[in-house]
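Okay, structure first, notes after.
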Amino acid sequence: MADKHVNASHDQSMKSWVESANDRATDFPIQNLALCAFQAEHDGHSHGHLGVAIGDQILDVSTLAMSGLLGDPEGELAYMLHAPSWNFIAASPHLWGEVRSKLQEFLHADAGGGQKARRLREKALTPIAQTKLILPMTVFDYTDFYASKHHASNVGAMFRPDNPLLPNYKHVPIGYHGRASSIVVSGTPVRRPLGQQSPPDAEPAAGPGFGPCKLLDYEMELGLYVGAGNQLGEPIAAADVAQQLFGMCILNDWSARDLQKWEYQPLGPFLAKNFASTLSPFVITLDALAPFRGEGPLRDSGDPQPLPYLRGSGDWNIDITVEVWIQSEQMRQKGLAPLRISRGSFKDMYWTIDQLLVHHASNGCNLQAGDLLGSGTISGPTAEARGCLLEITWQGNGPDGKALPRKPIELPSGETRTFLADGDEVIMKAYCEREGYRRIGFGECRGRIVPAPAV
Ligand code: MN
């Protein structure tokens with residue numbers, strides 16, 4: 001892996017005065033500095049403050065900035081940190097390094113700053129478990145890609161066994177415009193959607209039905225928050241992507257497969273996708289992820305080279321492990337721990353984050369700070385690395401060319417699942433590990449299914 005992006009801020013020996021941040025297992029060591037926002041209560045009302053995760057605590061960044069502990073309290077940085085979201089900072093790449101170094105300085109085990117700093121620093125901490133986290137960014141636009149060749153091949157094979165990957169796949173990153181209004185933060189219940197469902201395969205003449213989704217699924221994805229953005233009509237050059245990639249998060253792109261199957265042709269996903277998308281509450285900056293960046297992915301020898309505008313520096317392939325866990329209502333009642341049902345890596349994606357971004361703006365479409373680009377379902381080459389139930393429970397096609405019956409997942413409660421049931425909670429995790437560096441975690445992205453509205 002290339003180490004040219006690593007600097008002193010990634011030094012694994014650095015410690016924080018927040019003891020829990022020095023635990024080797026934490027998602028949030030002082031080398032991470034995951035950005036978040038939360039409801040701060042004072043004088044009987046509450047409003048959004050910015051924070052940073054450190055160990056098992058949230059540090060109130062807005063209060064520190066106003067107190068002059070992160071530089072001039074009247075300065076540009078303090079002004080931008082007294083905002084309800086990180087969008088202003090995202091739009092200002094010239095401040096990213098300063099935010100990281102100021103927070104690291106303040107949280108450093110050797111931090112000085114005198115009596116005032118010592119008094120304030122304890123007061124500015126709240127345990128994560130007692131914090132009401134809200135979305136860290138205002139997302140104006142959301143685009144979802146399809147960047148895993150393994151996912152695209154598996155799903156393609158369900159519909160086109162002889163020709164799973166369409167001929168455009170290796171030339172053009174495929175995506176569609178999602179909807180920002182239904183993006184929710186981790187922990188928000190997700191209501192089973194109602195919708196039109198295709199007639200049963202065996203009875204095509206029966207006509208479609210309308211009712212609660214029967215094939216409810218999740219999609220394990222990572223989200224990318226756009227930084228500076230570009231002017232309408234001005235593509236983003238591959239050389240400028242570092243200013244445009246602010247941070248990443250976990251994204252659960254909930255999917256209603258029966259609705260999807262019926263509606264997706266010819267214009268693509270619509271109501272099967274836009275009833276809810278859940279984000280983890282932390283922005284993991286590309287700076288924090290630098291030690292896990294590398295070359296690739298390697299294309300097969302027969303694969304076409306990407307067109308010149310998509311070639312870039314070739315080192316935006318990030319090794320991020322992703323996991324999906326599930327806990328049913330029965331499991332919760334019986335005190336059974338969640339079950340891990342998949343584990344994959346972001347480095348198995350066919351298209352990298354710089355390519356997704358450059359491609360999105362290549363026609364002059366303007367991206368703006370805080371826009372969210374979803375990676376698409378992260379599936380790898382092995383069965384264990386499949387990022388949605390549609391793939392996990394799929395057994396391929398029989399000799400007659402027809403799909404074999406789905407193989408359900410067995411839960412420790414004795415229940416089985418081919419798709420999600422009401423009361424199921426899906427828990428997604430993502431983290432980076434590499435010898436010589438501290439673990440960088442993304443936190444969790446949780447969502448529990450609640451019953452559909454009455455028809
Ligand atoms: Mn998706």
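The values are calculated or read from the model by the stated rules, or taken from the named source; none is laboratory data. Computed from a prediction, not measured in an experiment: that's the story for all the values here. Every residue, glycine among them, receives a Cβ derived from its backbone with ideal geometry; neighbour counts consider all protein chains shown. The protein model used for the area step is the full one, side chains on, heavy atoms only, and it has no ligands, DNA or RNA in it. Shrake-Rupley method; radii C 1.70, N 1.55, O 1.52, S 1.80 Å.
Listed values, structure above:
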{"quantity": "Matching residues in the range 25-48 - criterion: being free of Cβ contacts under 8 Å to residues at least 60 places away in the same chain and among the aliphatic types (A, V, I, L, M)", "calculated": "A40"}
{"quantity": "Close pairs from the range 104-127: first within 13 Å of V52 (Cα to Cα), partner open to solvent by 40 Å² or more (accessible area, probe 1.4 Å) and in a helix (DSSP H, G or I), Cβ under 9 Å, at least 6 apart", "calculated": "A124/T63"}
{"quantity": "Strands (runs of 3 or more DSSP E) contained in the range 145-219 and holding at least 1 residues touching a Pro at 6+ places or on another chain (Cβ under 8 Å), over 27 Å from F282 (Cβ atoms) and open to solvent by 20 Å² or more (accessible area, probe 1.4 Å)", "calculated": "194-197, 209-212"}
{"quantity": "Residue in the range 119-136 that is under 30 Å from G380 (Cβ atoms) and within 16 Å of the ligand (Cβ to nearest atom) present", "calculated": "no"}
{"quantity": "Test: residue in the range 126-140 that is out of contact with any His (no Cβ under 7 Å at 6 or more places or on another chain) and over 30 Å from D56 (Cβ atoms)", "calculated": "yes"}
{"quantity": "Residue within the range 145-152 that is away from the ligand (no atom under 16 Å from the Cβ), of a type in the set (F, W, Y), at pLDDT 95 or above and within 22 Å of the chain's Cα centre (by Cα) present", "calculated": "no"}
{"quantity": "Some residue of the range 385-401 being assigned to a loop (DSSP other than H, G, I, E, B), β-branched (V, I, T) and within 19 Å of the chain's Cα centre (by Cα)", "calculated": "no"}
{"quantity": "Residue that is within 16 Å of the ligand (Cβ to nearest atom), farther than 26 Å from L135 by Cβ, touching a residue at least 40 places away in the same chain (Cβ under 8 Å) and hydroxyl-bearing (S, T, Y), where the choices are Y309, Y350", "calculated": "Y350"}
{"quantity": "Leading residue by the ranking (farthest from Y431 (Cα to Cα)) among those in the range 299-345 that are open to solvent by 70 Å² or more (accessible area, probe 1.4 Å) and among the basic types (K, R)", "calculated": "K334"}
{"quantity": "Looking only at the range 257-290, and only at residues there that are of a type in the set (G, A, S) and more than 12 Å from the ligand (Cβ to nearest atom), the one that is farthest from R192 (Cα to Cα)", "calculated": "A290"}
{"quantity": "The range 316-372, residues that are part of a helix (DSSP H, G or I) and of a type in the set (D, E, K, R)", "calculated": "E329, R332, K347, D348, D354"}
